[in-house]
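Have a look at the structure below, then the notes.
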Amino acid sequence: QVQLVESGGGLVQAGGSLRLSCAASGFIFSGNVMAWYRQAPGKQRELVATITSGGTIGYADSVKGRFTISRDNAKNMVYLQMNSLKPEDTAVYYCNNQWGVLSWGQGTQVTVSS
């Protein structure tokens with residue numbers, strides 16, 4: 001069955017960096033545009049970044065220039081390098097495909113202190 005396992009979150013001070021990882025299994029990874037989403041307390045889940053199998057990338061305006069999405073099709077992995085973190089980046093981060101229709105994982109908590 002589909003499994004998405006996110007890791008790499010933590011507590012970091014504003015201006016710091018974190019690298020998130022997502023291990024995917026149970027579906028044709030290379031056939032999907034993969035994405036990172038986040039959900040802050042009391043807010044709706046929002047799309048943060050997308051990446052096609054060929055490496056075409058898109059970002060939400062709020063993270064452009066600070067976050068970098070990448071993928072390894074051989075390992076079925078998606079990554080999110082987050083630099084210059086801000087308190088407003090605090091959220092649970094999830095990976096899924098671009099439509100968010102795969103089974104959601106547990107996410108990984110990112111907390112940025114001011």
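The values are calculated or read from the model by the stated rules, or taken from the named source; none is laboratory data. Nothing here was measured: the structure is a model prediction, and the numbers come from that model. Cβ sites come from the backbone with ideal geometry, for glycine too, and all protein chains shown count toward neighbours. Heads up: the accessible areas ignore ligands, DNA and RNA and are worked out on the full protein's heavy atoms, side chains in. Shrake-Rupley method; radii C 1.70, N 1.55, O 1.52, S 1.80 Å.
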Please count how many residues of segment 1-10 are open to solvent by 50 Å² or more (accessible area, probe 1.4 Å) and either closer than 21 Å to V63 by Cβ or in a strand (DSSP E or B) (or both). 3
Candidate set from segment 26-39 (those that are within 11 Å of N76 (Cβ to Cβ) and either of a type outside the set (A, V, I, L, M) or at pLDDT below 95 (or both)); member that is most open to solvent (accessible area, probe 1.4 Å): I28
Looking at (1) open to solvent by 50 Å² or more (accessible area, probe 1.4 Å); (2) farther than 20 Å from Q109 by Cα; (3) at pLDDT 95 or above; (4) not β-branched (V, I, T), which one does N76 not meet, given that it meets all the others? (1)
Looking at segment 51-60 only, could you name the residues that are under 21 Å from S103 (Cβ atoms) and open to solvent by less than 30 Å² (accessible area, probe 1.4 Å)? I51
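Residue by residue, here is whether (1) closer than 20 Å to T111 by Cα; (2) surrounded by 15 or more Cβ atoms within 10 Å (Cβ to Cβ); (3) more than 15 Å from the chain's Cα centre (by Cα) holds:
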site: V12; (1), (2), (3): yes, yes, yes
site: A24; (1), (2), (3): no, yes, no
site: P41; (1), (2), (3): yes, no, yes
site: V48; (1), (2), (3): yes, yes, no
Which one of these does V63 not meet: (1) open to solvent by 20 Å² or more (accessible area, probe 1.4 Å); (2) outside any strand (DSSP E or B)? (1)
